[in-house]
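Take a look at the structure set out below.
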Amino acid sequence: MLFCSWTFFQFFTLVFALYWFIPWRRLHWEIPLPRQRRFRLTGDEVRVWLLLVASFYFYASWSRKLALLIVVSTLLDYCIGLGLEAWQDSRLRRALLTLSITANLGLLCFFKYSNFFLASLDEVLIAAGAPVWFNTLRIILPIGISFYTFEAINYTVDVYRRHVKAERNPAHLLFFVLFFPHLVAGPIVRAKDFLPQIRRSKRWSWARFQLGGEYFLLGMLKKWVVADQLALYADPVFADPSAYGSLANWIAMLAFALQIYCDFSGYSDMALGTAHMLGYKLAVNFNMPYLATSVSDYWRRNHISLSTWLRDYLFIPLGGSRGTFWQTCRNNLITMTLGGLWHGANWNFALWGLVHGVSLSVNRAFRSFCQVRPGLDNFLKSWLGTALRRAVTFFWLAQGLVLFRAPTFALTQAMYARLWFPVEGADVNHIYGYNLFWGIVAGFVLFHVAACRQWWERLSLRLPTPILGFTYVLALVLCMVMAPIFVKPFLYMQF
Amino acid sequence: MSSSGSTVGEQTLTGHPPVSAPVRYPQSAIRYPLSALAPKRPRPDDDTAAPCLTLARSRRMKRKARLLLLWWIPFWYVISQLALFAWMDESWQMERTFSPPRKWAILHKRLAEMPDRPLVLMLGSSRTDQSFQAGRLTGQLAPDGRPLLVFNLGLPAAGGMHHALYLNDLLAEGIRPRLLLIEFVSAFLNRSRRGLQSEEHFTLVPWLSAHEMLFLQRYYTNRRKMITEWLEARLAPWYGFRWNVHEHFLGRHSHPPEETKFDQSWRPIDPWGWRLLRDMPNTPEFRALRWAGAYHMYAQSLQNFELGVKPAQALHDIFSRCRRENIPVALVLMPVSKEFRDLYSPEGQAQIDNFLAELRRRYNLDIIDATDWLDKEDFDDGHHPLLSGAEKFTTRMIPEVHKLLARTEPGSSKAQNAD
């Protein structure tokens, strides 16, 4: 069920109506239990259950068995969380934490990486001349497994570190993992941020609904108007770079760079918007990453929930940047390579992560180099230097994304060859030619300028309500007209 | 709600363990529209920039929100959608969707001019539309001595489902044909499957009226999808008709030269419903291009032909209705080139033959088999006629119509059998 689909619209309308229009707050049941105990069920608790059931349905509409798998693994984490809180023995606690991490990563590895490792082993064996091979397993990759696994690990590690208290209500923990806006493609939610929200009573707020609607509309614009349109320039070229000329390859590379950002940040915005409309807030996942002035800045702005997760649960436990330069480089390489592999079971992703790890290390070395050269440092901080840093960073990131997108090494090589050695060839066959591409690029730049200068922030408060309403509807109509004929799934759903 | 805990719209529940530290995300340099809701903060440096989730709302925003959401957004939404409908009606429509109302208007005009004439009506697809020169039969005398009114109601992409709809509409309007000829469009009897041609796939659901949608949905394999598509076009026309909007901007609705080769629905219609093919080119190159287009469109579908239950039901419904209403009816197998006929698999052809035999047996049906009436040179794409083909077809059709009229004249043996 995609956010920008009719099915989701129907689903969300029903959930939204049940959630807000039934006067749950008046509900207060007390069911007597043996030994003078009472089971209390308040309207707010029923609302949590409603969203929990809706979230389960949301996932089960794709696969019931795999939805049950999430439930079982979360219940295991629930029990482990209670154990971690109750027991004081550090060895026992460590064993429980290991069990939780092993179970979660084990599921992730089984579903996502087993075939990848088997195929890689096959290649090694074939290269070595061994007459054996492994058959790949018939496994369906559960949607969003990478996201909810990290959320579950976050919970148990934080309970282990005593940063959060173990959740006593299993429904709340299930809801934390299953909440449908972030279930399939993030943002990766932290337990300490989300669990307290579940306990708070929700009240209807028009302003909050408007906020959610704005986020959702922004997400739709990014997805339908930018990402899906640019996919028409990127997809055919990445499928066969040799069939196109260098210009088409350069445009495909740029198109994909914008597509992946708008596709994923569009999804995140829709997730944020949906959550806001239901009275929850999720972490903002993007902060205009293509305005980054360095690769390290890029990772502070791009997929923030993942990069902060990797920082807190992998990079820092490895030693972070507290050791020597070379130890920090090693930690960077390990973190980013694993981060690359997190995106998909493919050596291309690992290589992409490795390139980013190396880039971070080079960036660190360059910063040290600049710190002892005030002239260079001042120049780089000037507007010209900043523009130069942004341009170089974007160029480097876009080049790296070829590794991310191309399905095989052979196609990656073919694309780089076309990019760097000009060849005449076919152009992408699009009904609007390249006009639409340049139009979208211009819109993208304009959006960033407007965002940096806070044009909309100033305007939206001053605009009369009718004009503001007209602006929203104009944006909605633009989304509708530019919607692809066949709905394209979000890129990050495959991760 | 600001990150410092001013939780507008939320209250801490009593009886629960104390809520842990409020959600705090790093500060943001994002200037999305939404940050309009955030309080003014000093702009962080690039290197310290990190996102923030703030829901602090100014009082003014709160006041505005209700008015905006309840009134202005719905208002502008409705206006924008109505504007699209008005624009479509006034300025542009696809020719294919424009053909049915045009033909109906012409038919009504003819009926108003000649109310007493017995009506011979042929329902069919674009093949009928281009083949049957009804004007040549009009005025000839029926067995009862009255001059005939013959009309070609062949419409592009219309098969059994649409014929059932048109018959229903005719009878609802009180128009009772003296003789009804129905084209047997075998390609449209194909079971609806992804990637293969069938009448369902040819039907432009967003353009159907509510009445048409409600009538046709019973013949759809995936009714829910059809109704959803139609509803989308009604509730969100900018979405439902988005492809047409793009075509309009590209100037394609007015048929650029390359498209006129494949779609003849832009051509004018004569007063008897026949599509005027007078200036249609007839060069080997043109025909080769058209044949390639038809092959591309139909080959795979006909090679994998399977008789669909729903389209077959539409034909059963037509003949049952005609029997109930006592309207003489005949089935016409339109001329098709041998190359085109050979596209059907033997199994598919057997299913068609069996179905025809069943129809003949069940409804005591007259079938005019005109399949091989035309030569290869009379087709432009293997199944649509050139002008010469239309003339040949009509010439051979005229006596057949007279024979049918004579056989179905009240008092004749056939008419008595039908009774």
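When you go through A:LEU211, A:LEU230, A:LEU247 one by one, which is the residue that is out of contact with any Ser or Thr (no Cβ under 7 Å at 6 or more places or on another chain), in a helix (DSSP H, G or I) and within 14 Å of another protein chain (Cβ to nearest Cβ)?
On the way: A:LEU230 fails: within 14 Å of another protein chain (Cβ to nearest Cβ); A:LEU247 fails: within 14 Å of another protein chain (Cβ to nearest Cβ).
The conditions single out A:LEU211.
Among the candidates A:LEU360, A:LEU318, A:LEU306, single out the residue that is surrounded by 21 or more Cβ atoms within 10 Å (Cβ to Cβ) and farther than 25 Å from A:PHE111 by Cα. Full working, then the answer.
Details: A:LEU318 fails: surrounded by 21 or more Cβ atoms within 10 Å (Cβ to Cβ); A:LEU306 fails: farther than 25 Å from A:PHE111 by Cα.
Within the list A:LEU360, A:LEU318, A:LEU306, the selection yields A:LEU360.
Within the range A:100-124, how many residues are more than 26 Å from the chain's Cα centre (by Cα) and either within 17 Å of A:LEU174 (Cα to Cα) or in contact (Cβ under 8 Å) with a residue 12 or more places away in the chain (or both)? So that I can check it myself, show each step before the final result.
Start the filter on the range A:100-124 by keeping residues that are more than 26 Å from the chain's Cα centre (by Cα), which leaves A:118-124.
Adding the requirement that they be either within 17 Å of A:LEU174 (Cα to Cα) or in contact (Cβ under 8 Å) with a residue 12 or more places away in the chain (or both) leaves A:118-122.
Residues in the range A:100-124 being more than 26 Å from the chain's Cα centre (by Cα) and either within 17 Å of A:LEU174 (Cα to Cα) or in contact (Cβ under 8 Å) with a residue 12 or more places away in the chain (or both): 5 in total.
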Here, helices (runs of 4 or more DSSP H) confined to the range A:277-380 with at least 3 residues that are among the small types (Gly, Ala, Ser) and more than 11 Å from every other protein chain (Cβ to nearest Cβ) are A:347-371
Among the residues of the range A:26-41, the number that are in contact (Cβ under 8 Å) with a residue 12 or more places away in the chain and under 19 Å from A:ASN169 (Cβ atoms) is 5
Hey, any hits in the range A:53-69 for a residue that's in contact with a Leu (Cβ under 7 Å, 6 or more places away or on another chain) and of a type in the set (A, V, I, L, M)? no
Among the residues of the range A:190-202, is any in a loop (DSSP other than H, G, I, E, B) and either within 12 Å of chain B (Cβ to nearest Cβ) or at pLDDT below 90 (or both)?
yes
_Residue within the range B:348-359 that is surrounded by 13 or more Cβ atoms within 10 Å (Cβ to Cβ) and either modelled with pLDDT under 85 or not in a helix (DSSP H, G or I) (or both) present_ = no
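Yes or no: the range A:431-449 includes at least one residue that is of a type in the set (A, V, I, L, M), surrounded by 14 or more Cβ atoms within 10 Å (Cβ to Cβ), more than 12 Å from chain B (Cβ to nearest Cβ) and under 30 Å from B:ILE79 (Cβ atoms). Explain how you work it out, then say what you get.
So the first thing to find is which residues in the range A:431-449 are of a type in the set (A, V, I, L, M), and the list is A:431, A:436, A:440-442, A:445-446, A:449.
Then keep just the ones that are surrounded by 14 or more Cβ atoms within 10 Å (Cβ to Cβ); that gives A:436, A:440-441.
Within this subset, residues satisfying the condition of being more than 12 Å from chain B (Cβ to nearest Cβ) are A:440-441.
Applying the additional criterion that residues be under 30 Å from B:ILE79 (Cβ atoms) yields A:440.
Checked the range A:431-449: at least one residue is of a type in the set (A, V, I, L, M), surrounded by 14 or more Cβ atoms within 10 Å (Cβ to Cβ), more than 12 Å from chain B (Cβ to nearest Cβ) and under 30 Å from B:ILE79 (Cβ atoms).
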Among helices (runs of 4 or more DSSP H) entirely inside the range A:393-495, those with 2 or more residues being among the β-branched types (Val, Ile, Thr) and out of contact with any Pro (no Cβ under 9 Å at 6 or more places or on another chain) are A:435-452, A:465-482
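The values are calculated or read from the model by the stated rules, or taken from the named source; none is laboratory data. No experiment lies behind these values; they were computed from the predicted model shown. All Cβ positions, glycine included, derive from the backbone under ideal geometry; neighbour counts span all protein chains shown.
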